1. What ranking do Y122, Y264 get, fewest neighbouring Cβ atoms within 10 angstrom at the top?
2. What does DSSP give for the range 2-280 in terms of the percent of beta bridges that are antiparallel, rounded to the nearest 5?
3. For I94, what is the net charge nearby, where nearby means another residue's Cβ is under 11 Å from its Cβ and Lys, Arg count +1, Asp, Glu -1?
4. Here are labelled values, (1) 27, 25, 20; (2) 32, 30, 19; (3) 24, 21, 20, and one is the computed semi-axes √(5λ) of the Cα gyration tensor in Å for what I pasted. Which one?
5. Cut-off 14 Å, label point 7 angstrom out along Cα-to-Cβ of S54: give me the residues of the range 133-168 whose amide nitrogen falls inside.
6. Of the cross-linked pairs K2/K266; K32/K247; K158/K247; K214/K266, which ones have a Cα-Cα span greater than 32 Å in the structure shown?
7. Give a quick list of trypsin sites (Lys or Arg not before Pro) in the range 179-283 that DSSP marks as loop, anything other than H, G, I, E or B, with at most 15 other Cβ atoms within 10 Å.
8. Just the number: Rg to Rh for the range 53-195, Cα atoms, Kirkwood Rh, two decimals.
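Since every read-out is calculated from the coordinates, none of them should be taken as a lab result. Please read these numbers as outputs of a predicted model, since none were measured by experiment. Note that each Cβ is placed from the backbone with ideal geometry, even for glycine, and that neighbours are counted across all protein chains shown.
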Amino acid sequence: MKILYHPKCLEYRWYGHPESPERLEICADRLKEAGYSFLEPVPCGKDDLLLAHSPDLIRAVKENTFQDYDTPNIPYMYDYAILSAGSAREAAVIALNGEHALSLMRPPGHHAKFNRVAGFCYFNNIAIATKKALDTAEKVAILDIDVHHGDGTQSIFKGDYRVLYISLHQSPLYPGTGTSSEDNCLNFPLPPLTGNEQYISVLEGALELIAQFKPSILGVSLGLDTLSEDHLAFISLTPPIFSIIGKMIEELGIKTFTIFEGGYSKDNGVAMVNYVKGLESPA
């Protein structure tokens, strides 16, 4: 498992905003305690951003002129966002070369659309990584297990049948999309208070669909906001279940790159370590 992380992503904050450096720092600290080391990513360039976004959006983020209630105009956000996107791109390349990889960075990305920031997201990290992978990969699957539907990722890939997008998410919940499947985007909306057993049952079916698709690599949008202690949603997973989730993904036998998305609780660190250990376990 190659883990990409840069402490620069901890430098920014918007006081009172849940997308805080602490939510990621606790993951990095726990992984260090568990004996993992990190590779430092490099920023992606404009050509990579243009794979998934419009010139107007790139300019708006660079000039800090965008408008979104949930997505703050933080100084130098462009620099943080291209570093997070670059880390995701590198993770996909590592997976294409035959190893699992984790991009442990912020800001997250799966709500960002072609021409719009949204939901704490500036650039769509997993979309950029997937588009880059499609330079050489015939097919890529994306498994989105953030508690919120990845509306940005779906909007970017809908109708592109080289990509299978699958999302498990709470519904109803922000952003209000993903209530049904559309084309190559398969959605599994879950009711509030969904627990470990029901979640694993639905995930098992989703993974079977990925196996049938036979992708070259698998990208995972990993949200830890499905934890019961998370205050932004109401799915009731416990930290140990992430070992099982990781192992189930490993059993597909597909090289996987994972992108950290949401997750806002004190249990982030232990859940992240459990996920990584599960993904590393023998299939």
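1. Listed from fewest to most nearby Cβ atoms, that is Y264, Y122.
2. On the way: 3 of 33 bridges.
Looking only at bridges with both residues in the range 2-280, the antiparallel portion is about 10 percent.
3. Neighbourhood net charge equals +1.
4. Label of the calculated value: (3).
5. 156
6. Working: K2/K266 24 Å; K32/K247 21 Å; K158/K247 28 Å; K214/K266 36 Å.
Too far apart for the 32 Å limit: K214/K266.
7. Working: sites: K247, K255, K266, K277; in loops: K255, K266.
The qualifying sites are K266.
8. Details: Rg = 15.0 Å, Rh = 15.6 Å.
Rg divided by Rh gives 0.96.
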